[in-house]
Structure formats: structure tokens, C-alpha cells
Amino acid sequence: MGQLSLTLLAGFQARLGSGAVHRLRTRHTQAVLAYLALPSGRAQPRDTLAALLWGHLAQDEARNRLRQALFALRRALTPTHLSCLRVDGDALVLDPAGVEVDALVFEELVREGSPDALERAAILYQGDLLQGLPSQGPHPSAFEEWLGAERERLRELALETLAKLVNVQRAAQSPERALSTALRLLALDPLQEVAHRTA
């Protein structure tokens, strides 16, 4: 099975193993795929997904909208990559063996915690989760609440990672790299006093 690569930090992009970009044009199709990907491998009932994105609509209409989003998703995925999206009874599952998600790789690298892993995690975190995804408008959804919480959690993790990396770089007598990391930390959060002192 070819690898489907999802970039969810600083926007949304889906790539094939060959490097070709999938075109998922609608906000809801991107949202469904992103929600299934974090974490991938967890079954999500269709009713849950429908309520998550279209909770302001009647249940039948919400399920119909989900069907449309899934149809668009299946059309966008080639047969090779379609196998990573499985139907498990009335639930949908994104197979983690066929999908690489930058946000999950970022978290794994942070957990590893070695200097090299922290450097790689800092490179991966290029911005907020699904940055630029348009809001639903006058009917905020449960998805937007979930997205806000996930964005904040990953941003806090990025701040902690950059702060640790500054300390690692200072201890390694790499003042230029420590300064560069401190400036990145300040760009994310201008109120970081330690980063101001380091800079």
C-alpha cells in the first residue's frame, strides 16, 4: 500500500507516496480526514462524525452531508490510497499503517526527547493545526471546539519543545542556534521571559 502523507500543521495538505498532492477542496472533506487522522486507527461512528461537523442540522441531513464528504474523499484518493480508509460496521477508521501524519510524528519526536528528536520536532511544527481552515460561519460546530482544543495543546507542546531545545543548544555551546530557536519561540509566544533573556 502506498503511503498517504498528511500535513496538518500550518495548513492542510495530503500527498501520495509519489509526491503528488491530493485535491480535497471542501473544508468538510479536509475536516473529516483530519479528525480521522488524530489519532489514526481509532474507529469513529458515522453519527459522531455527522454531529461533529453538522450538529446544527437534522440528523438525516447531517448524515447526508457526511456521505457527500466521504464521496469526495473517496474520489480524491486513488485505489492504492483508498484502502487506508476502512469502513468498520457503521464506523470509519484511518489505517495508521498507510498514513503518515505530521502532527503525530511531531508528538512522537517530543516524547523521544533526544536533542536530535527535539530539533526534528521543531522543524515539523510550522504553525497551528489546520491553520487557515475556514470556520463554519454562523453555526460553530463541535469540530471547531475540538480543533481549538487540539490547536492549543499542540501549540503548548511546541512552546515546551522550543524552550527545551534552547537549553540543549546553549549547553552545547551553540549560541547562534540557541538564538535562532529563542527567536522562533518568541514569534510563537512573545511573552516567554526566558526566551527574551536568552536572546
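For the range 3-14, indicate whether the set of residues that are out of contact with any Pro (no Cβ under 6 Å at 6 or more places or on another chain) and over 25 Å from Gly132 (Cβ atoms) is non-empty.
no
Total residues in the range 87-100 satisfying the condition of being over 24 Å from Asp47 (Cα atoms) and touching a strand residue (DSSP E or B) at 6+ places or on another chain (Cβ under 9 Å): the figure is 2. Name the residue that is modelled with the lowest pLDDT, counting only residues in the range 55-94 that are exposed (fewer than 13 other Cβ atoms within 10 Å of the Cβ) and of a type in the set (Gly, Ala, Ser). Residue satisfying both the conditions and the ranking: Gly89.
Across the range 18-48, the number of residues qualifying as touching a residue at least 40 places away in the same chain (Cβ under 8 Å) and among the small types (Gly, Ala, Ser) comes to 6. Against the test of being open to solvent by 80 Å² or more (accessible area, probe 1.4 Å) and touching a Ser or Thr at 6+ places or on another chain (Cβ under 8 Å), the options Arg170, Arg177, Arg153 yield a single qualifying residue, Arg170. Pairs meeting the criteria (first residue in the range 116-136 and within 30 Å of Ala172 (Cβ to Cβ) and in contact (Cβ under 8 Å) with a residue 12 or more places away in the chain, second residue open to solvent by less than 70 Å² (accessible area, probe 1.4 Å) and among the hydroxyl-bearing types (Ser, Thr, Tyr), beta carbons under 7 Å, at least 6 apart or on different chains) are Leu118/Thr161; Ala121/Thr161; Ala122/Thr161; Ala122/Thr181. Per the conditions (1) open to solvent by 70 Å² or more (accessible area, probe 1.4 Å); (2) touching a residue at least 12 places away in the same chain (Cβ under 8 Å), the sole criterion not satisfied by Arg111 is (2). Consider only pairs whose beta carbons are under 9 Å apart and that are at least six residues apart or on different chains; among these, list those whose first residue lies in the range 153-172 and is free of Cβ contacts under 8 Å to residues at least 12 places away in the same chain and whose second residue is of a type outside the set (Gly, Ala, Ser) and not in a helix (DSSP H, G or I). Short answer, once both residue conditions are applied: Arg153/Leu129.
The values are calculated or read from the model by the stated rules, or taken from the named source; none is laboratory data. Since we're looking at a predicted model, the values are computed, not measured. Here the Cβ is made from the backbone with ideal geometry for all residues, glycine too, and neighbour counts use every protein chain on show. Each accessible area value is taken on the protein alone, full model and side chains, heavy atoms only, with ligands, DNA and RNA left out. Shrake-Rupley method; radii C 1.70, N 1.55, O 1.52, S 1.80 Å.
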